[in-house]
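S.K.: Got a structure here, written out as structure tokens. Questions coming.
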Amino acid sequence: MTISLAEFQADSQANIPALQQVIRTLTRFQREELAEWMLNSPDFTDAVAEFRSVYGPSDAQRCLTVEEFLQMEQGSAVRHEYVGAEVFEMRAPMPRHEVIVGNLLDHFRTQLGVGPSKVISSHLALRLQVDACDLIYRPDIMIACGPFTAEALDLPYLTEPCVIVEVFSPVTEDIDRREKLLNYRRIPSVEEYVLIAQRSLEVTVFRRSENWIPTVLTAPDDVFESHSVELSMSLEEVYEGIR
């Protein structure tokens with residue numbers, strides 16, 4: 001007996017409620033393990049994007065200028081990124097992501113104090129241009145080496161950070177390790193790019209002075225030390241509250 005593709009898809013669709021019911025019986029930890037397996041397993045060939053386009057199929061040819069995008073973002077409750085005239089909606093962060101980012105912000109701001117270098121959260125965007133392509137990302141944390149001009153203080157984005165930090169999940173890891181690493185290192189002012197895993201004890205540091213060769217930290221007493229600004233933080237401090 002031969003089953004058509006349409007029949008197979010219909011049968012699979014009919015089984016989704018039963019599958020959802022089984023998943024509901026799992027603990028939160030088991031559901032997280034299942035999600036990470038589906039996202040990272042080679043059995044699934046479809047890549048999972050970090051974010052999705054805010055436009056539907058009928059708007060496939062609709063592209064925004066940078067100015068239109070910035071205007072759209074004013075007052076928006078949802079964060080977006082802008083890549084080559086296309087707009088992408090970012091997923092809402094999970095609590096563990098926000099705990100790590102909060103730990104970093106607290107330590108960085110305390111250590112940098114009232115000096116010229118300032119810590120910037122993801123509420124402010126990063127604008128750059130790669131091969132004549134305009135990009136606007138929203139890194140989790142940036143450190144900008146001031147002082148700042150009056151004009152720079154009135155812009156809704158930065159252009160010259162010295163340190164960029166991304167806290168990645170299994171969904172965002174590929175983009176953060178590949179696309180963003182390649183693009184961030186092309187910003188002349190950037191000296192360090194720091195990648196922090198949400199679900200494992202791992203901090204990876206890429207430095208311009210080391211030809212962007214990664215340094216990987218995995219022990220609780222390992223310490224990330226910035227070479228471009230005066231700050232340091234142990235992994236125990238990075239992951240405080242979620243280990």
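S.K.: Taking strands (runs of 3 or more DSSP E) that do not extend beyond the stretch 135-243, which have at least 2 residues that are buried (at least 17 other Cβ atoms within 10 Å of the Cβ) and not basic (Lys, Arg)? Steps first, please.
M.R.: Values: elements: 141-145, 161-168, 192-197, 203-207, 215-217, 223-225, 232-234.
Answer list for the stretch 135-243: 141-145, 161-168, 192-197, 203-207, 232-234.
S.K.: Restricting the first residue to the stretch 78-95 and requiring it to be touching a residue at least 60 places away in the same chain (Cβ under 8 Å), which pairs with a second residue that is open to solvent by less than 50 Å² (accessible area, probe 1.4 Å) meet a Cβ separation below 6 Å and a spacing of at least six or different chains?
M.R.: Matching pairs, first to second residue: none at all.
S.K.: Pro93 versus (1) part of a helix (DSSP H, G or I); (2) within 19 Å of Ile242 (Cα to Cα): which is the lone unmet condition?
M.R.: Only one criterion in (1) part of a helix (DSSP H, G or I); (2) within 19 Å of Ile242 (Cα to Cα) is unmet by Pro93, namely (1).
S.K.: Are any residues in the stretch 130-180 of a type in the set (S, T, N, Q) and in contact (Cβ under 8 Å) with a residue 40 or more places away in the chain, and if so, which ones?
M.R.: Across the stretch 130-180, the qualifying residues are Ser169, Thr172.
S.K.: If you take the residues of the stretch 58-106 that are open to solvent by 30 Å² or more (accessible area, probe 1.4 Å), hydrophobic (A, V, I, L, M, F, W, C) and within 30 Å of Leu235 (Cβ to Cβ), which of them is modelled with the lowest pLDDT?
M.R.: Ala92
The values are calculated or read from the model by the stated rules, or taken from the named source; none is laboratory data. No experiment lies behind these values; they were computed from the predicted model shown. Note that we place each Cβ from the backbone using ideal geometry, even for glycine, and neighbour counts take in every protein chain shown. Surface accessibility is based on the protein's heavy atoms, side chains included, excluding ligands, DNA and RNA. Shrake-Rupley method; radii C 1.70, N 1.55, O 1.52, S 1.80 Å.
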